[in-house]
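Bear in mind these aren't lab numbers, they're just calculated from the coordinates by the rules spelled out. Note that the structure is predicted; figures quoted are calculated from it, not measured. Neighbour counts are summed over all protein chains in view; Cβ atoms, including those assigned to glycine, are modelled from backbone coordinates with ideal geometry.
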Amino acid sequence: MADNIAVTVTNQNFTAIVASDAVNSIVIDENLNALVQDSGYTAVVQDINYTAAITNQDLNVSYAFPGPQATSVPRLTQTFDTDLGTNVGDLVKVNGTNSVTRIVDNTAVEIPNGIFGVGFNKPSSLRLEVMFIGIGGGYSGFTAGLPIFVSTLGVPTHTVATTGMVQQIGFAISSTEFFLNIMQAIRRS
């Protein structure tokens with residue numbers, strides 16, 4: 001390969017500029033995903049809403065993603081057996097082999113290790129798709145940017161519990177949605 005290779009790809013959705021002395025391969029798709037395989041590179045991807053800058057030199061990596069608030073992110077889910085009373089939006093715990101049920105409070109008896117996930121989809125009356133990371137909706141009263149915790153009633157809230165298990169489970173991204181990112185539970189009482 002020659003030194004100082006520069007590649008520019010432009011279409012109506014984005015412009016990608018990649019410059020390197022040792023680029024082995026570059027793949028850029030319609031979702032602005034860029035895969036650059038080499039030993040030292042600089043890549044810049046730009047579109048109307050986002051600017052992403054990624055640099056790698058001597059294993060130092062920095063990046064910046066200014067832009068609008070996220071409205072969709074990849075989500076990690078798995079389907080489990082459940083009961084008739086557990087629904088989409090419920091905070092859930094493991095309740096037997098391959099089975100989950102909604103939590104009813106934040107006590108150490110109810111959730112000794114914290115919540116397991118959030119009900120995301122109920123494909124049948126006795127099956128629940130549980131989300132472990134991603135955006136969940138259907139709530140009310142959230143303030144975007146503030147952390148979300150498990151309440152004493154076992155539902156998402158901004159208020160930190162003063163008894164039972166304290167567990168931050170994410171951040172509000174709107175008045176009705178939060179980004180689920182389950183953190184370690186701490187026992188208060």
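The H on the amide N of Phe80, modeled in the peptide plane, is under 5 Å from the matching H of Leu128, Glu129, Val130, each at least 5 residues off or on a different chain. Residue by residue, region 115-124 carries 3J(HN,Hα) couplings of 6, 9, x, 10, x, 10, 8, 10, x, 8 Hz when phi is fed to the Karplus relation 6.51 cos²θ - 1.76 cosθ + 1.60 (θ = phi - 60°); x denotes Gly or Pro.
When both region 137-189 and region 88-117 are represented by their alpha-carbon centers, they are found 14 Å apart. The Cβ shell under 14 Å around Arg187 holds other residues with a net charge of -1, Lys and Arg each +1, Asp and Glu each -1.
The calculated FRET efficiency for Ser99 paired with Leu153, based on their beta-carbon distance and R0 = 25 Å, is about 0.65. Residues whose amide H comes within less than 5 Å of that of Phe171, counting only those at least five positions distant or on another chain, are Ile148, Phe179, Asn181 (H built at 1.01 Å from N in the peptide plane). Taking neighbour counts of Cβ atoms within 10 Å as a proxy for exposure, in what order, fewest first, do Lys122, Lys93 appear? Exposure proxy ranking, most exposed first: Lys122, Lys93. Karplus-based coupling profile of region 78-95, in residue order and whole Hz: 8, 9, 10, 6, 8, 10, 5, x, 9, 10, 4, x, 6, 6, 10, 10, 6, 9, with θ = phi - 60° in 6.51 cos²θ - 1.76 cosθ + 1.60 and x standing for Gly or Pro.
Using the Karplus curve 6.51 cos²θ - 1.76 cosθ + 1.60 with θ = phi - 60°, work out ³J(HN,Hα) for each residue of region 162-173 in order, rounded to whole Hz, and write x for Gly and Pro. Rounded to whole hertz, the list is 9, 9, x, 8, 9, 8, 7, 10, x, 9, 5, 10.
Computed over region 69-189, the quotient of the alpha carbon radius of gyration and 2.2 N^0.38 Å is 0.98. What the Cβ-Cβ distance of Met183 and Thr79 gives, at R0 = 35 Å and to the nearest 0.05, is a FRET efficiency of 0.90. Between the amide H of Thr101 and those of Lys93, Asn95, distances stay under 5 Å, these residues lying 5 or more places away or on another chain, with hydrogens modeled in the peptide plane.
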